[in-house]
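The structure appears right after this line, and notes come after that.
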Amino acid sequence: MSTMNRIMLRAIEPEDLDLLYRIENDNELWAVGVTNVPYSRYVLHSYLSNTVSDIYVDKQVRLVIENEAHQIVGLADLMSFDPKNSRAELGLVVLREFRNQGYASEAVLKIQEYALSTLHLHQIYAVIPVDNEASLQIFRKMNYQITAHLSDWLFDGVRYHDAVVVQHVLA
């Protein structure tokens, strides 16, 4: 089986509430995101009920990553959508039990394809902590370029950490 056919991206569904709850309340992920508070099931249910899954309305699209066995592998977000400049930020979470199996690389490729062919984006970027070598390695392998160093950019609740911006021009 080709590596490019091991996963599919699909819209998030109300049935994905437990997945969303698990990811949004994983305090290890808070250090790389923009929030550091737990979310209740009620708040997440409300989010799922009220999002229209239209990147032009929500300025983001959240996609579930499923493998060939229809197991949920993780989530991918295109956020901070900027239609004027044709770019969006990529956020990617692969669940611990599925890491180091090539799913993240394939998800990045599929998101790039979707961003180019469906959304007609010019570029995608990601903000990555400098000490997250696994993520940096994935993006380097996918020909993303480090274009900025952000000092004290991410706060983990105790201290600040540097991050880098990686960019990839799609077309």
Looking only at region 132-171, count every residue that is surrounded by 12 or more Cβ atoms within 10 Å (Cβ to Cβ) and acidic (Asp, Glu) and tell me the total. 2
Restricted to region 111-122 and to residues being touching a residue at least 24 places away in the same chain (Cβ under 8 Å) and more than 16 Å from Leu92 (Cα to Cα), the residue surrounded by the most Cβ atoms within 10 Å (Cβ to Cβ) is Leu121
Does at least one position in region 102-125 carry a residue that is closer than 27 Å to Asp18 by Cβ and assigned to a strand (DSSP E or B)? no
Take the residues of region 1-24 that are modelled with pLDDT under 70 and either hydrophobic (A, V, I, L, M, F, W, C) or surrounded by 14 or more Cβ atoms within 10 Å (Cβ to Cβ) (or both): which is farthest from Leu92 (Cα to Cα)? Met1
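The values are calculated or read from the model by the stated rules, or taken from the named source; none is laboratory data. Predicted model only: the values in this text are computed from it and were never measured. Using ideal geometry, Cβ is built from the backbone for each residue, glycine included, and neighbour counts are taken over all protein chains shown.
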